[in-house]
Amino acid sequence: MIAKKATKKRPKNLNLFTIRLPINAVVSIMHRASGMLLFLMLPALLWVLQQSFASELQYAQITHNFQHWLFKVVLIVVAGAFFHHFFAGIRHLAMDVHWMTSLQKARFSSRVVLGLVGVSVVIFAWCIW
């Protein structure tokens, strides 16, 4: 007769907002989320580019629309997603070639990515505002 293996009853935490993820996981999840945001925004960005090439009047209308604060905020969010995806992608590529793979170095590179994203977004926001 096969003996039943004793399974350890572990508590289950299904509330994702109470789980404290390490900074490496946060940067990785944000890398995926920023990639998804960029992918979903691509048709709108290409449509705006196409409209700007259609005529001088359309180009003037688009540049006028981008002076509105709401368009600037959307542009800053998209730029922030781009900056995060770019810097976190470089970090992931570096880790793929076994550079900064220890836990301490991975945490440091995650903080560097978040710092670079913050500085880049602030500079970009300052330039367009």
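A short reminder: the numbers here are calculations on the coordinates, not readings from a lab. Keep in mind it's a predicted model, so treat the numbers as computed, not measured. Here the Cβ positions follow ideal geometry from the backbone for every residue, glycine too, while neighbour counts run over all protein chains shown.
Checking the condition surrounded by 10 or more Cβ atoms within 10 Å (Cβ to Cβ), of a type outside the set (A, V, I, L, M, F, W, C) and either over 28 Å from Ala106 (Cα atoms) or touching a strand residue (DSSP E or B) at 6+ places or on another chain (Cβ under 6 Å) (or both), which residue from Gln67, Gln51 passes?
Numbers: Gln67 fails: surrounded by 10 or more Cβ atoms within 10 Å (Cβ to Cβ).
On inspection, the qualifying residue turns out to be Gln51.
Just to be sure, is Phe83 surrounded by 15 or more Cβ atoms within 10 Å (Cβ to Cβ) and either free of Cβ contacts under 8 Å to residues at least 40 places away in the same chain or out of contact with any Asp or Glu (no Cβ under 6 Å at 6 or more places or on another chain) (or both)? Give the steps one after another, and end with the answer.
Details: surrounded by 15 or more Cβ atoms within 10 Å (Cβ to Cβ): yes; either free of Cβ contacts under 8 Å to residues at least 40 places away in the same chain or out of contact with any Asp or Glu (no Cβ under 6 Å at 6 or more places or on another chain) (or both): yes.
In short, yes.
Kindly list, by first and then second residue, each pair from a residue in the range 108-120 that is in a helix (DSSP H, G or I) to a residue that is among the polar types (S, T, N, Q), limited to pairs with Cβ atoms under 6 Å and residues at least 6 apart or on different chains.
Ser110/Asn24
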